[in-house]
Structures are given as structure tokens and as C-alpha cells.
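S.K.: Following this message is one structure expressed as C-alpha cells.
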Amino acid sequence: MKINGGVRFVENGITASIRAMHVDSELISVANENVAGFDKVGYQRKDAIVSSLTEFLGVHGLSTTLDDKIGRIALTENPLDMALAAKGYFQTESAEGIKLTRDGRFKIDKEGNLLTLDDSRVLSNTGMPIKLHIVPDDLRQIKVNDRGLISVFNPQTNKLEGVAYLGVVDASGAIVMDPKVKQGYNEFSNVALQEEFISMMPVIKNFDANRQLFMIQNQNLQKVISQLGTAS
């Protein structure tokens, strides 16, 4: 007795071309999103991951991951601007829950709460919202060291008094012990425009090739249908 086995996958060329164009469109969309985020503070570029089954699954075989390399750090001289020179994220809390971000543009309300630009509470390394017990008129009296310790000058004692440590964690939520906080700086995206444009070129060419195949196959199919109609 002889047993034959195997897996056979057969589909028409038009379907394959459409699926390939759809995948290429998604890849171009990821690159375009990176280009759009080039000048955004705290933006981390996305890497498209193409699985070995994408040829058959189409866009369902695609996924993305964040590139956690440190971005471009620029001086702002605003005492409430913070940048991380190490991998990690600031912890913030809003009505939607706790979020992680590398956008360190903060502000202080009248009660001394340290907030993000969208009014989320900035959390300490203990998970509690940070609140300054003194709100100085001159923000330069607020100091943050490279470990994230926030201190504020008390005019009554003429001393810097510690408030709390910024809660800087990694992607899994573990505390980063040496976050290398830089006060008075912003971190812009880690996107390199030249690399994004170069990576898009083969994808665009592949899309054009599949579009041409689709047009040729569609024309041939129309001819066949026309001839069948004439023969009947």
C-alpha cells in the first residue's frame, strides 16, 4: 500500500496580486506614519514585521513593533521639559488608566500637581501622582537630577527639598534604576528620514509590479469572457 500526502494551495493570479498590493499598502502606511512622526516629541518609530505566511495570509501576517532606540535630544531650557537618555518610559495616569510615554513635556497646576500637556498626572517611582508642596513663581527653582529626583527650592529654609522620583519604567513595567533624566531637554523621534524613504522604494516597486500583473490578468479575463459570450 502506498500513501501520498501533502498540502496544495491553488488560487488565481488576480487574488494573489490584490493580496500583495494590500500588504504593500500597509507597509507603505507604516513608513508614512514614521515620516509623519519625525518631528514629534517622544515618538518611537514602528518596524513592520512580515511573517513567513504573509504571502498566503495577506495583511493578517503583518505586525509592528516599536524601535526603542533613543531619539534626538534637543535643548529647550524649559525646567519642566524632561528627556530620557536611557531606554524607558515616564508613567502617567489619566481617566483611561496608566500609560507609558517618552514625551517629557510637563507642567504644574496651581495645586502643585505635575501634569502632562494633556493633563494626565505624572507618577512617581512609587506609583503615586507627583505633587509639589511648593509652587515657585520661577520654575528654575525646580531641579531634577539624572536619577529623576525632583527637588524644589524653599525660600523659608533656603534649601532644596526633595519631592519625589519620576517613575521611569521599561516596557514590562519594571523600574529603571538609572534613567539618565535630562532637565531642560526634549527627545524627538528616533526616525531617520533617509532610511524610511530608502526602505519604501522596493515596496513601491513591488506594488507597481503587482498592479501591472493585476491589469494584465484582468484584461485577459475580460477577453475570455467576451469570447465565451460570442461563442454562445
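S.K.: For the stretch 120-187, taking Cα atoms only, what is the radius of gyration to one decimal and the Dmax to the nearest whole Å?
M.R.: So, for the stretch 120-187, Rg and Dmax equal 12.7, 42 Å respectively.
S.K.: Give the carbon-plus-sulfur fraction of the accessible surface of the chain in %, rounded to a whole number; probe 1.4 Å, heavy atoms of protein chains only.
M.R.: Carbon-and-sulfur percentage of accessible area, whole number: 55.
S.K.: How many Å³ per residue does the convex hull of the Cα positions in the stretch 123-232 occupy?
M.R.: Details: hull volume 24.8 nm³, N = 110.
That works out to 226 Å³ per residue.
S.K.: Also: Please compute the per residue accessible area over the stretch 43-129 with all protein chains in place, 1.4 Å probe, rounded to a whole number of Å². Let's see the in-between values first.
M.R.: Working: 4770 Å² over 87 residues.
Each residue of the stretch 43-129 exposes 55 Å² on average to a 1.4 Å probe.
S.K.: Now, a different point. Of LYS99/LYS182; LYS40/LYS131; LYS40/LYS110; LYS40/LYS205, which sit over 25 Å apart, Cα to Cα?
M.R.: On the way: LYS99/LYS182 21 Å; LYS40/LYS131 27 Å; LYS40/LYS110 28 Å; LYS40/LYS205 29 Å.
Beyond 25 Å: LYS40/LYS131; LYS40/LYS110; LYS40/LYS205.
S.K.: Still on this structure, please answer the following. Compute the distribution of all C-alpha to C-alpha distances in the stretch 82-162, in bins of 10 Å from 0, and list the percent of pairs in each, rounded to whole numbers.
M.R.: Result, from short to long distances: 17, 51, 27, 4 percent.
S.K.: Give the whole-number value, in cubic angstrom per residue, of the convex hull volume spanned by the C-alpha atoms of the stretch 1-130.
M.R.: Working: hull volume 25.4 nm³, N = 130.
About 196 Å³ per residue, rounded to a whole number.
S.K.: Of the GluC sites (Glu not before Pro) in the stretch 10-78, which ones lie in a loop per DSSP and count no more than 11 other C-beta atoms within 10 Å? Walk me through the numbers on the way to the answer.
M.R.: Working: sites: GLU11, GLU26, GLU33, GLU55, GLU77; in loops: GLU11, GLU77.
When the GluC sites (Glu not before Pro) of the stretch 10-78 are filtered for loop state and at most 11 Cβ neighbours within 10 Å, GLU11, GLU77 remain.
S.K.: So for each of 13-20, 59-66 I average, over its residues, the number of other beta carbons within 10 Å; can you give me the resulting order with the highest mean first?
M.R.: Working: 13-20: 16.6, 59-66: 13.2.
For the peptides 13-20, 59-66, the packing ranking is 13-20, 59-66.
S.K.: Under 5 Å between amide hydrogens, which residues at least 5 positions from ALA164 or on another chain qualify, with H placed 1.01 Å from N in the peptide plane?
M.R.: Residues meeting the criterion, in which the H sits 1.01 Å from N, are ILE150.
S.K.: Let me ask something additional. Which aspartates and glutamates have a Cα less than 16 Å from the Cα of LYS143, not counting those fewer than 8 places away in the same chain?
M.R.: Within the straight-line limit of under 16 Å, LYS143 reaches these aspartates and glutamates: GLU77, ASP81, GLU161.
S.K.: Also, I was wondering about something else. Where the convex hull is taken over the Cα atoms of the chain, what is its projected area averaged over directions, in nm²?
M.R.: Working: hull surface 90.1 nm².
Mean projected area for the chain: 22.5 nm², to one decimal.
S.K.: Please list 192-205, 85-98 highest first by mean number of surrounding beta-carbon atoms within 10 Å per residue. Walk me through the intermediate numbers first.
M.R.: Numbers: 192-205: 13.0, 85-98: 16.3.
Those peptides, ordered most packed to least, come out 85-98, 192-205.
S.K.: Accessible surface of VAL35 in the full protein assembly, 1.4 angstrom probe, to the nearest 10 Å²?
M.R.: Roughly 40 Å² of VAL35 is accessible to a 1.4 Å probe.
The values are calculated or read from the model by the stated rules, or taken from the named source; none is laboratory data. Keep in mind the model is a prediction, meaning the values are calculated, not measured. All Cβ positions, even for glycine, are placed from backbone atoms using ideal geometry, and neighbour counts span all protein chains on display. Each accessible area value is taken on the protein alone, full model and side chains, heavy atoms only, with ligands, DNA and RNA left out. Shrake-Rupley method; radii C 1.70, N 1.55, O 1.52, S 1.80 Å.
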